[in-house]
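Worksheet for the structure shown next.
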Amino acid sequence: MENTGLTGVERLVKDDEIIVSKTDTKGRITYCNEGFMRIAGYRESELLGQPHNVVRHPAMPRCVFKMLWDTIESGKEIFAYVVNRAKSGDHYWVFAHVTPDFDGNGKIIGYHSFRRSVDRRVLAVIEPLYARLLAEENRHSDRKAGMDAAVTLLVSLLAEKGITYDRFVLTL
């Protein structure tokens, strides 16, 4: 799937809009609502079966996605601020709530994400934090080592404040 370069143009999620997507356990999109297609600029046929990271923006620290995947694969929900890239190369910020889907036996069979607009004041905290985490990731020649170092940095920054990631995100 082709995704153009970055434009620097921000798309805004409507305040009353909920963006919804579902994936299988490998992160391939199995459902997307009209809001997701509108903001991302894709048709349903372009999204279904594709990895959800088709909308991953390069300014988004990989360490945040690692925490997200570690959390949902363990059967827990997570909230996170995410910057995504639209098909056009525009970007958009969302406040995501990602949860696992379970079958009748309690086995994880997929994930769903509900995303809302972001309070613009929150970005004054999130953008510098993500830039710092991304810089830490990029400081290392080995991508995995960089991601692990950024996770360690995030955990230590939160520990200094005496707060967990969940509490941090929900109190912004």
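Results, tabulated for the structure shown:
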item: Residue that is farthest from M37 (Cα to Cα), among those in the range 129-166 that are in a helix (DSSP H, G or I) and among the acidic types (D, E); result: E160
item: Qualifying positions in the range 117-172 - modelled with pLDDT under 95, within 14 Å of M67 (Cα to Cα) and among the polar types (S, T, N, Q); result: T164
item: Exclusive hit being assigned to a loop (DSSP other than H, G, I, E, B) and small (G, A, S), set G35, G8; result: G8
item: Residue among V118, V122, V98, V83 that is touching a His at 6+ places or on another chain (Cβ under 6 Å) and closer than 23 Å to G35 by Cα; result: V83
item: Residue within the range 119-128 that is in a helix (DSSP H, G or I), touching a strand residue (DSSP E or B) at 6+ places or on another chain (Cβ under 6 Å) and touching a residue at least 12 places away in the same chain (Cβ under 8 Å) present; result: yes
item: Criterion: among the basic types (K, R), surrounded by 12 or more Cβ atoms within 10 Å (Cβ to Cβ) and either free of Cβ contacts under 8 Å to residues at least 60 places away in the same chain or touching a Leu at 6+ places or on another chain (Cβ under 7 Å) (or both) - qualifying residue of K76, K87, K161; result: K76
item: Pairs, first aromatic (F, W, Y) in the range 51-68, second assigned to a helix (DSSP H, G or I) and buried (at least 19 other Cβ atoms within 10 Å of the Cβ), C-beta under 9 Å, six or more apart; result: F65/M147
item: Total residues in the range 90-115, condition buried (at least 21 other Cβ atoms within 10 Å of the Cβ) and in contact (Cβ under 8 Å) with a residue 40 or more places away in the chain; result: 6
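The values are calculated or read from the model by the stated rules, or taken from the named source; none is laboratory data. Owing to the predicted nature of the structure, the values given are computational and were not obtained by experimental measurement. Note that each Cβ is placed from the backbone with ideal geometry, even for glycine, and that neighbours are counted across all protein chains shown.
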